[in-house]
Amino acid sequence: MLVDALLSTVRAHFGVNDGEWARLDAAGLRAAAEGLQRGLSALEHQQREVLRLIDDHRAFTVDGSRDAADWSANNLGITRKAANDRLRLGR
């Protein structure tokens with residue numbers, strides 16, 4: 001899965017396994033937090049693009065959703081406002 005691959009890459013970069021973050025010094029912890037944030041931002045960007053495509057292709061209609069925001073709220077566990085914000089940013 002993409003998230004697992006990203007996390008594995010960050011862990012490998014810092015030489016830690018799951019649960020070993022405490023081995024890093026203060027500078028290493030700050031760098032790890034920054035690296036993880038860059039990864040999260042990249043994933044969020046990709047999600048916005050996919051949601052835009054779901055909207056463009058009307059892929060939300062398969063399960064009876066009225067629009068992409070409705071589909072997102074029902075399937076991604078986010079609010080309609082968050083879904084609309086992500087769709088707006090995806091455009």
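Every number here is computed from the coordinates shown, using simple stated rules; none is lab data. A quick note: this is a predicted structure, and the numbers were derived from the prediction, not measured. Cβ: placed from backbone, ideal geometry, glycine included. Neighbour counts: every protein chain shown.
Descriptive notes on the structure:
- Overall form of the range 19-74 per C-alpha gyration tensor (a/c, 1.5; a/b vs b/c): prolate
- Shape call, the range 3-45: gyration tensor on alpha carbons, a/c limit 1.5: oblate
- Around S65: net Lys/Arg minus Asp/Glu count, Cβ-Cβ under 13 Å: -1
- Summed side-chain charge close to D55 - residues other than D55 whose Cβ falls under 14 Å, Lys, Arg +1, Asp, Glu -1: +3
- FRET efficiency for the pair R91 and A12, taken as 1/(1 + (r/R0)^6) with r the Cβ-Cβ distance and R0 = 41 Å, rounds to 0.70.
- Given R0 = 30 Å, the distance between the Cβ atoms of D56 and A31 translates into a calculated FRET efficiency of 0.20.
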